[in-house]
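Visitor: Sharing a structure below in structure tokens format, with a few things to ask.
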Amino acid sequence: MRNAKSERKYFRCWGTEACASVDDDGVKRFIFFILNLLLGVFMKSLMMGNEAIGRGAIEGGVSIVSAYPGTPSSEIPAYIADHAHEHNVFVEYSTNEKVALEVAIGASWSGLRALVTMKHVGVNVAADALMSLTYTGTDGGLVLVSADDPSCHSSQNEQDNRYYARLANIPTLEPSSPQEALVMTREAFALSEDVGLPVMLRPTTRSCHCRADVETGEKLPQNEGPAFEHDITHKVTIPAHARLLHPELLEKVERARELFEKSPFNWIEGHGTVGVIGSGISYAYVKEAVSLLGADVEVLKLGTVHPLPKDLITTFITSKEKIIIVEEMEPVVEEQVKAFAYDLGLDVDIHGKDVIPRMGELTTTRVKAGLAQVLSIQHEEHPVSDDVVLPPRPPTLCPGCPHRATFYCINKVAKKSIKTSDIGCYTLGVVAPLSAVDTTLCMGASIGVACGLAAAGNKGVFATIGDSTFFHTGIPPLIDAVYNGHDINVVVLDNRTTAMTGHQPHPGTGWTATRREAPKIDIAELCISLGAYTQVVDPQDLDDTVEAMKRARDHEGVSVIVAMRPCALLVGPIERDAEHFEVDTETCNGCKACIKQLGCPALLFDEESKKAEIDTLLCTGCGVCAQVCPFNAITSM
């Protein structure tokens, strides 16, 4: 295994510490700038933050990458998969986040460097393994990317996973830019090997998806392996061992704190008696806000958010009259800084969530308003004019989406039944006119909640779940339903891909992350083997699907319908152009049945002629609307 110190030396040739070390010497700073400028001409690339993380992992000598796709993290494994063969990296999309973390653990225990990526709620699934991993420790460097989603752009909550870092005692880094995301990822493997713990990298939506010029570096050699060390005291977490491992964990965290006190990811800039602390992407907003306000403040930029560099922070706040802490979501840093100040008996005015919003993504405008309030600076606000009325753009299922047909059929058979659903594109079944979703909680919960509803005496419950989500966490509750005799109907919306996060493969697609051919897991055969009454339908054959759902509804016990039809976005242009539909204006009487029951974006209504229309640019030729029209006014062109 490589010496971690040599890795850190490599990093410092490229990272911000070199800048900091010559900050007071103009000549050296100029020379350093020119050298980096010359190198940057040949080594800069325009990268999304997630791509930079992927590049940082490759440069850091990663050997194994496991992931479950989830926005805003999805582009990380996709980027690495595109370069996997070139750099001898094994990449897999695991069935869920817990499995993904366990794969990374196995790689780490074999002495190899491993990266595991997921969105913030995915850490909830992986938490069982994660909480014990910090006790056992790691061998090869292991980096966990938890991509948090302030403002719930594509998530069911906006939890702050820095609390997981504190709960599990995981050293945690927060990048403020794509460049820092690359360097932090690269350095995180060495940090993991140095302290013997997994390291969490916590980008948020903006740092994941923004783009910037990024200086890339050379790829480090991968660790040699496999080299599994038999050590049951550190790899078998029975109570007798765990009690001994806990104090070791606390020593490792203290070691991480010592390293973070001198980390190049933390620095101080500016001057003044007012101090501003910005962590991660919040620092970027602070920089812009301070510049716009023309404020004389000293800024402490934090890239290491657990454990916090206590000595650096206490030194910073000791000389200040006021402190403003800017961080997205929860007051994680704020509460600890206030505790530091209390322990020191400092009389310093500390602001945080009293002026910086606790919910949603931060912006320069929001941060500027908070700073101006504390600093008593008048600033010009730029609210959106009341005269500007933007048209509503509610999300909707794509034209030709097979899920629309499935929900239509469910409504035909079980309009008044409770309809539980899950996490995926099909959650949009909640939107009118389909209105076919009554509950959505988390991955796999559609079936589990349906079991509870049936046990409570509710009849005819229909649960909808996507194919990828079924593999993720749908199988255990289905087993529970069969075992405990719950009378429920499960509809697997099998569109042959993981559509919502970018069409990643899953065990039912027949191919892997690196496009290697793989066995297809047949969902219907699996359900039959569990003892569920199972049918397979093409959802765009409405009559056949409705009849299948009637049989399922009338069946006593667990029934499964696999509604199989590829995602409309996977259909090739030749097939898509094969057939389109049009409205016969002589036959159409303007009843709007097609629009009111389907809500397809390709269906329009002309208020002057009082006739339905079809936008041929959007129409995919699925023909569902033709089957719905009660007057046969929609025909193929």
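Visitor: Counting only GluC sites (Glu not before Pro) that sit in a DSSP loop (anything but H, G, I, E, B) with at most 16 other Cβ atoms within 10 Å, what is the longest stretch of the chain containing none of them?
Guide: 1-217
Visitor: A further question on this structure: Compute the long axis of helix 4-14 from its Cα atoms, compare it with the longest principal axis of the Cα atoms of the chain, and write down the angle in degrees, 0 to 90, nearest 10.
Guide: 90
Visitor: Rg/Rh for region 38-186 to two decimals, with Rh computed the Kirkwood way over all alpha-carbon pairs.
Guide: 0.96
Visitor: Multiply the residue gap between residue 430 and residue 163 by 0.36 nm, knock off their C-alpha separation, and tell me the result in nm, one decimal place.
Guide: Net length gain for the segment: 93.0 nm.
Visitor: Could you give the nm distance between label points at residue 230 and residue 132, where each point is 7 Å from its Cα heading toward the beta carbon?
Guide: Taking the two extended label points, one gets 2.1 nm.
Visitor: Still on this structure, I have one more. Taking residue 320 as the anchor, which aspartates and glutamates have their alpha carbon closer than 19 Å to its alpha carbon, excluding any fewer than eight residues away along the same chain?
Guide: 269, 296, 298, 311, 334, 335, 343, 347, 349, 354
Visitor: Continuing with this model, one more query. In the chain, carbon and sulfur make up what percent of the accessible area (probe 1.4 Å)?
Guide: Solvent-exposed carbon and sulfur of the chain make up 55 percent of the total.
Visitor: Considering the convex hull of the alpha carbon atoms of region 133-223, report its projected area averaged over all viewing directions, in nm², one decimal.
Guide: It is 6.7 nm².
Visitor: Can you pull the percent of Cα pairs in region 452-525 with separation above 16 Å?
Guide: Value for region 452-525 (Cα pairs over 16 Å): 54 percent.
Visitor: So what is the 222 nm mean residue ellipticity for the chain from helices alone, if each DSSP H run of at least 4 adds -39500 (n - 2.57) and you divide by all residues, rounding to the nearest 500 deg cm²/dmol?
Guide: -12000 deg cm²/dmol
Visitor: What's the angle, to the nearest 10 degrees (0 to 90), between helix 542-554's Cα axis and the longest principal axis of the chain?
Guide: The answer is roughly 80 degrees.
Visitor: With +1 assigned to the C-beta of every Lys and Arg and -1 to the C-beta of every Asp and Glu, and no other charges, what is the dipole magnitude of the chain about the Cα centre in debye, to the nearest 20?
Guide: 640
Visitor: To make sure I understand the rule: partners must be lysines, Cα under 23 Å from the Cα of residue 419, and not fewer than 8 residues away in the same chain. Which ones qualify?
Guide: Leaving aside lysines fewer than 8 places away in the same chain, those within reach of residue 419 are 459, 550, 596.
Visitor: Convex hull over the Cα atoms of region 440-578, averaged projected area in nm²?
Guide: The Cα convex hull of region 440-578, projected and averaged over all directions, gives 9.2 nm².
Visitor: If the cut-off is a Cα-Cα distance under 25 Å, which lysines reach residue 520, setting aside same-chain residues fewer than 8 apart in sequence?
Guide: 98
Visitor: How many angstrom lie between the Cα centre of region 103-144 and the Cα centre of region 41-85?
Guide: First find each Cα centre; the distance between them is then 17 Å.
Visitor: Still on this model: Stick to Cα atoms and the Kirkwood definition of Rh, then tell me Rg/Rh for region 342-496.
Guide: Using only Cα positions, Rg/Rh for region 342-496 is 1.22.
Visitor: Pairs 119/252; 262/322; 44/310; 415/592: which are spaced more than 29 Å apart, C-alpha to C-alpha?
Guide: Cα-Cα > 29 Å for 44/310; rest within.
Visitor: Roughly what % of DSSP beta bridges within the chain run antiparallel, to the nearest 5?
Guide: In the chain, approximately 25 percent of DSSP beta bridges are antiparallel ones.
Visitor: Solvent-accessible area per residue for the chain at a 1.4 Å probe radius, Å²?
Guide: Each residue of the chain exposes 44 Å² on average to a 1.4 Å probe.
Visitor: Continuing with this model, one more query. Where the centre of each part is set by its Cα atoms, how far does region 308-352 sit from region 504-520, in angstrom?
Guide: Centre-to-centre (Cα) distance: 49 Å.
Visitor: Now for a separate question. Could you tell me how many degrees, from 0 to 90 and to the nearest 10, lie between the Cα long axis of helix 402-414 and the main elongation axis, the longest principal axis, of the Cα atoms of the chain?
Guide: Value to nearest ten degrees: 60.
Visitor: Another question, then. Multiply the residue gap between residue 344 and residue 458 by 0.36 nm, knock off their C-alpha separation, and tell me the result in nm, one decimal place.
Guide: 35.1 nm
Visitor: Hey, another quick one. Is the C-alpha gyration tensor of region 328-411 telling us rounded, prolate or oblate? Criteria: a/c under 1.5 is rounded; beyond that, a/b larger than b/c is prolate, otherwise oblate.
Guide: oblate
The values are calculated or read from the model by the stated rules, or taken from the named source; none is laboratory data. From a predicted model like this one, the values you see are computed outputs, not experimental measurements. Heads up, the Cβs are rebuilt from the backbone with ideal geometry, glycines too, and the neighbour counts pull from every protein chain shown. Surface areas here come from the heavy atoms of the whole protein model, side chains and all, with no ligands, DNA or RNA. Shrake-Rupley method; radii C 1.70, N 1.55, O 1.52, S 1.80 Å.
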